[in-house]
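The values are calculated or read from the model by the stated rules, or taken from the named source; none is laboratory data. It should be emphasised that the depicted structure is a prediction, and the values quoted were computed from it without experimental measurement. In this analysis, Cβ positions are derived from the backbone assuming ideal geometry, glycine residues included, and neighbour counts consider all displayed protein chains.
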Amino acid sequence: MSIPDYQSLMLPVLVASSKGEVRIGPVVDDLADKLGLSPEERSELLPSGQQTVFSNRVHWAKSYLSKAQLVEITRRGYFRITPRGQTVLQSSPQKIDNKFLMQFEEFRQFRDRSSVTPEPNGDTPAPALEDQKQTPDETMRLAYRQIETGLIHDLLDRIREAPPDFFERLMVNLLLSMGYGGSTENAGRTLGRSGDDGVDGVIDQDALGLDRVYIQAKRYASGNNIGPGAIRDFFGSLDRHKATKVLFVTTSTFSASAKETAELLSKRIVLVDGDQLARLMIRHNVGCRIEDTLHIKKIDEEFFE
């Protein structure tokens with residue numbers, strides 16, 4: 001089975017709270033047992049790596065129940081059912097979800113405070129709260145992934161439109177931004193069309209150039225994949241450089257046979273395709289910049305204790 005969404009967990013969480021004051025941790029474990037979640041489903045993490053998906057959804061179910069005053073927070077990590085929650089359970093509801101909670105004024109006020117006003121430019125507003133299957137955490141991360149995917153495509157389009165030597169300079173700048181070359185002055189350089197047998201760039205890892213990273217950069221259109229021939233040609237040029245650290249980068253992708261060829265060669269050639277290249281650029285702020293920063297905050301429990 002798949003991990004239930006947070007609305008599906010509202011009724012089980014309310015039932016769990018009917019036993020008196022309960023701690024959220026054991027509730028998460030008990031619900032996972034009752035739902036028969038697999039070890040993989042129990043351990044699946046949010047992208048932040050700080051919390052499991054299931055625990056996050058149980059916490060949001062509890063939070064929304066508290067907004068409707070069906071449960072109340074008693075102390076850090078503990079909660080219990082309210083008289084209103086007891087009344088709801090006595091009515092034997094088939095399910096509790098955001099639509100069900102809309103009957104309570106406190107929850108409607110919370111909904112109104114949380115609703116997203118459509119933008120003046122006509123952007124589509126977020127789905128109504130009662131229709132959302134994802135937690136706010138998941139919605140936020142989905143929006144982030146959509147923005148990042150669009151940026152990846154834009155970066156690759158701009159690289160493909162630029163002159164060939166721009167791509168070579170980009171790779172040198174990216175590797176320097178990633179920390180290659182250390183503190184050596186003028187550690188990276190491009191070789192361009194007059195380069196050495198297919199080597200487009202070199203990074204000196206030390207001041208004397210005893211340890212070097214060699215770069216091959218192929219600026220190809222999407223769908224024009226790198227084949228094994230290009231890998232073998234590049235490999236053939238490396239002996240005269242006595243290269244041990246080699247990077248082959250493309251704005252397209254590598255065919256399966258190209259990847260297999262790279263694995264079988266006597267020298268290790270690291271392959272970086274267009275998607276990975278753009279993600280590295282984003283991570284190290286090369287060709288892009290931070291437009292805005294959102295600070296996600298939560299209650300400081302120690303302050304109130």
Looking only at helices (runs of 4 or more DSSP H) that lie completely in segment 16-112, which have at least 2 residues being in contact with a Leu (Cβ under 7 Å, 6 or more places away or on another chain) and surrounded by 12 or more Cβ atoms within 10 Å (Cβ to Cβ)?
53-67, 83-90
Any chance segment 22-34 includes a residue that's on the phi > 0 side of the Ramachandran plot and either aliphatic (A, V, I, L, M) or in contact with a helix residue (DSSP H, G or I) (Cβ under 8 Å, 6 or more places away or on another chain) (or both)?
no
Under 8 Å between Cβ atoms, which residue pairs at least 6 apart in sequence (or on different chains) link something in segment 19-37 that is basic (Lys, Arg) with a partner that is assigned to a helix (DSSP H, G or I) and modelled with pLDDT of 95 or more?
Lys34/Pro12
Residue under question is Asp197, and the condition is that it be assigned by TED's automatic domain parsing to the domain that holds Arg169, surrounded by fewer than 21 Cβ atoms within 10 Å (Cβ to Cβ) and modelled with pLDDT of 75 or more; does it hold?
no
So which of Ala278, Ala256 is under 17 Å from Leu174 (Cβ atoms) and either small (Gly, Ala, Ser) or in contact (Cβ under 8 Å) with a residue 12 or more places away in the chain (or both)?
Ala278
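Per-residue answers, yes or no, for (1) closer than 26 Å to Ile152 by Cα; (2) touching a residue at least 60 places away in the same chain (Cβ under 8 Å); (3) not hydroxyl-bearing (Ser, Thr, Tyr):
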| residue | (1), (2), (3) |
| --- | --- |
| Val172 | yes, no, yes |
| Ser177 | yes, yes, no |
| Asn186 | no, no, yes |
| Leu191 | no, no, yes |
| Ala217 | yes, no, yes |
| Leu247 | yes, yes, yes |
| Ser266 | no, no, no |
| Arg283 | yes, no, yes |
I need the full set of residues from segment 25-61 which are among the β-branched types (Val, Ile, Thr) and at pLDDT 95 or above, in order please.
Val27, Val28, Val58
